[in-house]
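Undergrad: Below are the structure tokens for one structure; questions will follow.
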Amino acid sequence: MSFGFELLKKDEAGARLGRVTTAHGAFTTPVFMPVGTKATVKTMTPEELEDTGVDIILANTYHLYLRPGHNVIKDLGGLHSFMNWQGPILTDSGGFQVFSLSNLRKIDERGVTFNSHLDGARYTLTPENTVEVQEALGSDIIMPLDECAPSGADREYTVRSMNLTHRWALRSKAAKREEGPALFGIVQGGMFADLRRESAATLVEAGFDGYAIGGLSVGEEKDVMREMTYAAVEHLPEESPRYLMGVGTPEDLVLGVEAGIDMFDCVMPTRNARNGTLFTSGGKLVIKNSRFERDPEPVDPECACYTCSNYSRAYLRHLFMAGEILAMRLNTLHNLYYYTALMKDMQRAVREDAFGDFKKSFFGRLAALA
RNA sequence: GGGGCCGUAGUUAAGUCGGUUAUAACGCUGGCCUGUCAAGCCAGAGGGCGCGGGUUCGAGUCCCGUCGGCCCCG
């Protein structure tokens, strides 16, 4: 297997600089992975992703299994060839859909039975077939099936759910081909710090190529999310990559890196772009607001992206209000550029022993412009 | 000349046999979006019913007149 992680540097607070190697190339961490659920990061071509600085993307097992079907993709040479993205790909297992499509599924020891959100057809995801599907897709990093419990889950439910997730993780590991992709373990444990520690320790004992922290940013308070992150990280090995699943806002990313997280993914930059919210060095900007009707300035005067280099807020607002497809493209391009640039800034800060200063100026600027 | 239909938010319409603060959609304004069921979701503002009379306890709903638009017959 060609997967590897090298920890290049760690600062006193815990922020890390690292390097992940996969079968489809290497990338520096901390890294942000845009979400390309259905084998496309919505509105962007792979070339455009590369140009904005994207290193690795995420795709979804559940969605691709339903359509077009993993065997179709396998027959066409795998996901990389199919979608023309030659960089690393991480696939999520469908575990999040256990949570987000909770009204359409049933969980038992064997796995999760869904009614397809597309046509209602019933089918079952198990730890084993989830691994099989992800291997067929040709993913570089695969995730085991897990249960992402709701934020309000009580301790009894959470313990049961966590233990089930652990058993599924072991079954996933057993199902994986020897020379297959990298497999991460997913720490669960809800909003209970001791369960988070227990979950991390259990998975580390079993041994995985990397460790993800799942089940966060599901509606809990920010400080709870932080506490859970720290509780899990505490028991994760230095020499393995850590992935905080589904997170988050720019502020979350900075705090996550400080907590020692190496990888992140989130729909926020892409979805918010399509819904008219842009991220800037001065905070969020809702481009559809009427105050931008005649604003000739770029979205973020400090941004070097294609959108900011060529178009005014007034034009972007016009495109958005008119429902033009280009609005979503230009907005997505900007947000992804902002996110990847933020990660590169943090990499540089850790490399130069200046992460503390970076964090201070990052939050200072948001506060000053708020 | 005769007959008929239609005028209700910015727009297009719904308003039962007259009965609380006149509906909806789109548009507009604002907010939200965290391992994508998401070009999505939530909320808000906005009209007193073409105009003038009348009947009635009560009129967008009924009657009369009038203005505007459309249609049919001469």
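Undergrad: If you check every pair at least six apart or on different chains, which have Cβ atoms under 6 Å apart with a residue in the range A:147-174 that is within 15 Å of RNA strand B (Cβ to nearest atom) first and a residue that is of a type in the set (Ser, Thr, Tyr) second?
TA: Taking only residues 6 or more apart or on different chains, the pairs are A:GLU147/A:SER161; A:GLU147/A:THR165; A:ALA149/A:THR158; A:ALA149/A:SER161; A:MET162/A:SER199; A:HIS166/A:THR202.
Undergrad: Also, quick follow-up: Report every pair of residues separated by at least 6 positions or lying on different chains whose Cβ atoms are under 6 Å apart, first residue within the range A:303-322 and touching a residue at least 40 places away in the same chain (Cβ under 8 Å) and within 15 Å of A:ARG291 (Cβ to Cβ), second hydrophobic (A, V, I, L, M, F, W, C) and part of a helix (DSSP H, G or I).
TA: Here the result reads A:PHE320/A:ALA327, each pair linking the range A:303-322 to a residue that is hydrophobic (A, V, I, L, M, F, W, C) and part of a helix (DSSP H, G or I).
Undergrad: Tell me whether the range A:336-357 contains one or more residues that are within 16 Å of RNA strand B (Cβ to nearest atom) and farther than 28 Å from A:GLY260 by Cβ.
TA: Checked the range A:336-357: no residue is within 16 Å of RNA strand B (Cβ to nearest atom) and farther than 28 Å from A:GLY260 by Cβ.
Undergrad: Do you know which residues across the range A:234-257 are farther than 13 Å from A:LEU342 by Cα, surrounded by fewer than 21 Cβ atoms within 10 Å (Cβ to Cβ) and not hydroxyl-bearing (Ser, Thr, Tyr)?
TA: If the condition is that a residue be farther than 13 Å from A:LEU342 by Cα, surrounded by fewer than 21 Cβ atoms within 10 Å (Cβ to Cβ) and not hydroxyl-bearing (Ser, Thr, Tyr), then A:GLU234, A:HIS235, A:PRO237, A:GLU238, A:GLU239 are the ones that fit.
Undergrad: Is there a residue in the range A:113-126 that is under 30 Å from A:GLU50 (Cα atoms), of a type outside the set (A, V, I, L, M, F, W, C) and under 23 Å from the mean Cα position of the chain (by Cα)?
TA: No, there is no match, as no residue in the range A:113-126 is under 30 Å from A:GLU50 (Cα atoms), of a type outside the set (A, V, I, L, M, F, W, C) and under 23 Å from the mean Cα position of the chain (by Cα).
Undergrad: Determine the pairs where a residue that is farther than 23 Å from A:VAL54 by Cα, located within the range A:70-99, has a partner that is in a helix (DSSP H, G or I) and at pLDDT below 95 with Cβ atoms under 9 Å apart, the partner being 6 or more residues away or on another chain.
TA: The qualifying pairs are A:GLN97/A:LEU104.
Undergrad: Have a look at A:GLY111, A:GLY95 and point out the one that is within 8 Å of RNA strand B (Cβ to nearest atom), crowded, with 19+ Cβ neighbours inside 10 Å and under 14 Å from A:CYS148 (Cα atoms).
TA: None of the others qualify; the one that does is A:GLY95.
Undergrad: Considering each of A:VAL41, A:VAL20 in turn, give the residue that is of a type in the set (A, V, I, L, M, F, W, C), more than 16 Å from RNA strand B (Cβ to nearest atom) and under 16 Å from the mean Cα position of the chain (by Cα).
TA: A:VAL20
Undergrad: Inside the range A:7-53, can you point out the residues that are among the aliphatic types (A, V, I, L, M) and either out of contact with any Phe, Trp or Tyr (no Cβ under 8 Å at 6 or more places or on another chain) or on the phi > 0 side of the Ramachandran plot (or both)?
TA: A:LEU7, A:LEU8, A:LEU17, A:ALA26, A:VAL35, A:ALA39, A:VAL41, A:MET44
Undergrad: Follow-up. Sort out which residues of the range A:49-78 are touching a strand residue (DSSP E or B) at 6+ places or on another chain (Cβ under 6 Å) and either away from RNA strand B (no atom under 15 Å from the Cβ) or in a helix (DSSP H, G or I) (or both), and write them in order of number.
TA: A:ASP55, A:THR61
Undergrad: Shifting gears a bit: Can you tell me which of A:GLY190, A:GLY138 is in contact with a Leu (Cβ under 8 Å, 6 or more places away or on another chain) and of a type in the set (Gly, Ala, Ser)?
TA: Exactly one residue qualifies, and that residue is A:GLY138.
Undergrad: Looking only at the range A:237-259, which residues are more than 12 Å from RNA strand B (Cβ to nearest atom) and assigned to a loop (DSSP other than H, G, I, E, B)?
TA: Listed by number, the residues that qualify are A:PRO237, A:GLU238, A:GLU239, A:SER240, A:PRO241, A:ALA259.
Undergrad: Restricting to the range A:205-236, name every residue that is of a type in the set (Lys, Arg) and more than 10 Å from RNA strand B (Cβ to nearest atom).
TA: Correct list: A:ARG226 only.
The values are calculated or read from the model by the stated rules, or taken from the named source; none is laboratory data. Note that the structure is predicted; figures quoted are calculated from it, not measured. Glycine also receives a Cβ, built like all others from the backbone with ideal geometry; neighbour counts cover every protein chain displayed.
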